[in-house]
Amino acid sequence: MAPLLEIKGLKTHFATDDGILQAVDGVDLSINKGETLCVVGESGCGKTVTAMSILKLIAMPPGRIVAGQIIFEGRDLVPLTSDQLDEVRAKEIGFIFQEPMTSLNPVLSIGEQIAESLRRHEAVTRKQALARTIEMLQLVQLPNAAGRVHDYPHQFSGGMRQRVMIAMALACKPKLVIADEPTTALDVTIQAQILDLLQDMKERFGMAVMLITHAMGVVAETAQRVVVMYAGKIVEEADVDSLFESPGHPYTQGLIRSIPRIDLAATHKTRLEAIGGSVPSLINPAPGCRFAARCRHVMSICTEVEPLLREIAPGHRMACHLGAVP
Ligand code: SF4
């Protein structure tokens with residue numbers, strides 16, 4: 001069965017005063033119908049730019065998709081005009097942003113915003129749109145949905161605003177929802193509630209979810225398949241069990257070592273291991289493996305030859321020279 005979304009050879013670059021920044025540099029990934037794919041990596045690894053490139057939500061210029069295809073249900077989205085993409089946005093692919101306050105319109109009530117999205121994409125009357133809006137707000141467990149539908153974004157807490165954002169993204173029942181760090185701006189207990197809500201909505205509507213996160217704990221809780229990105233490239237991809245049981249790439253291993261372990265913390269004095277160093281500049285990156293400066297297994301070939309993604313087990317791919325060099 002063909003994937004719902006297939007990204008092939010995506011390169012998204014940004015023009016800066018210092019040169020061309022290769023934020024996403026040759027990414028291939030796919031999402032199947034009804035699947036949850038987590039894209040994980042540190043800040044600056046290219047995961048958000050990959051997600052935003054799908055619906056051309058990056059500022060162009062200075063950003064530009066310089067190569068690749070983004071095929072959704074058999075149609076390449078890259079050549080589409082803004083009007084054509086408007087048809088895809090919300091109706092086919094919903095987007096949940098990191099900070100809802102920056103994406104909700106502060107001068108329109110939440111009800112007007114959700115109803116407007118419904119009326120733009122579906123043949124519904126004002127009355128029907130309002131009824132559907134209240135229904136969606138109830139589904140995302142907004143307390144007193146009917147009474148608060150005419151309230152404005154600033155009248156809600158951060159967690160409630162994110163529920164409104166989810167209602168808006170799902171109102172037209174898209175086949176795919178992209179959630180870009182949807183819980184980062186929230187406190188820990190609200191984070192868990194929002195992730196549970198997303199999971200509940202996914203099961204209710206049968207949609208696929210592409211979840212962008214820097215937190216391996218979130219990945220372990222939500223993903224079916226995982227793509228690990230580093231410095232604009234995919235370095236590992238596997239189903240969630242394989243990734244946590246036998247991570248192959250030293251970067252993935254480092255991310256997993258940095259997860260707090262409640263079971264160990266109760267009985268041992270444990271120290272979380274951070275990955276030393278930082279993501280390299282993506283303006284004229286050095287040849288070879290982009291993780292080389294931070295890798296405890298670095299070999300001479302690593303600074304000369306770029307490791308390409310290769311299959312190390314069925315459905316498990318990795319871009320590293322470990323195990324490939326005689
Ligand atoms: Fe480390 Fe070399 Fe693998 Fe890069 S290719 S992750 S430097 S071992």
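For region 57-70, the Karplus equation 6.51 cos²θ - 1.76 cosθ + 1.60, evaluated at θ = phi - 60°, returns couplings of 8, 7, 5, 10, x, x, x, 7, 7, 9, 6, x, 10, 10 Hz by residue, with Gly and Pro reported as x. Using the beta-carbon distance between PHE205 and SER82 and R0 = 22 Å, what value does 1/(1 + (r/R0)^6) give for FRET efficiency, to the nearest 0.05? After rounding, the FRET efficiency stands at 0.25. Between HIS214 and VAL66, the modelled label-to-label distance comes to 2.5 nm, taking each label 7 Å out from Cα in the direction of the beta carbon. Once the Cα-Cα distance is subtracted from the 0.36 nm per residue extended length, the ASP151 to GLN224 segment shows a gain of 22.6 nm.
Inter-part distance, region 21-67 to region 133-167, computed on C-alpha centroids, equals 29 Å. Rounded to the nearest 20 debye, the dipole magnitude of the chain is 300 debye, with +1 charges on Lys and Arg beta carbons, -1 on Asp and Glu beta carbons, and the Cα centre as origin. Put a dot 7 Å past the Cα of GLU245, heading toward its Cβ, do the same for LEU108, and the two dots end up 4.8 nm apart. Tell me the mean residue ellipticity at 222 nm calculated for the chain from its helices only (DSSP H runs of n ≥ 4, each -39500 (n - 2.57), averaged over every residue, nearest 500). Taking each H run of at least 4 residues, the total per residue is -9000 deg cm²/dmol. Straightening the chain between SER300 and ARG257 buys 13.0 nm, computed as 0.36 nm per residue apart minus the Cα-Cα spacing. Converting phi to 3J(HN,Hα) with the Karplus coefficients 6.51, -1.76 and 1.60 and the offset θ = phi - 60°, region 98-108 yields 4, 10, x, 4, 7, 10, 8, 7, x, 9, 10 Hz in sequence order, with x at every glycine or proline. Output the 0 to 90 degree angle, nearest 10, between the alpha-carbon long axis of helix 158-170 and the longest principal axis computed from the alpha carbons of the chain. Helix 158-170 sits at roughly 80 degrees to that axis. Sorted fewest first by neighbouring Cβ atoms within 10 angstrom, GLU35, GLU73 come out as GLU73, GLU35.
Cβ-to-Cβ counts within 10 Å put ARG317, ARG119, ARG163 in ascending order as ARG119, ARG317, ARG163, the fewest first. Principal-axis analysis of the Cα atoms of the chain puts helix 188-205 at an angle of about 70° to the longest axis. Starting from 0 in steps of 20 Å, tell me what percent of the Cα-Cα pairs of the chain lands in each bin. The calculated distribution, bin by bin, is 30, 56, 14, 0. Compared with the direct C-alpha span, the chain from GLN193 to SER278 gains 27.5 nm at full extension, assuming 0.36 nm per residue.
Think of region 71-128 as having a plus end and a minus end, set by charges on the Cβ of Lys, Arg, Asp and Glu; of VAL124, GLN113, LEU77, VAL124 sits farthest toward the positive end of this dipole. Where does helix 126-139 land angle-wise versus the long Cα axis of the chain, in degrees 0 to 90, nearest 10? The answer is roughly 50 degrees.
Only the coordinates and a few stated rules stand behind these numbers; no lab work does. Predicted, not measured: the structure shown is a model, and the values here were computed from it. When we count neighbours, we look across all protein chains shown, and the Cβ atoms used for this are built from the backbone with ideal geometry, even at glycine.
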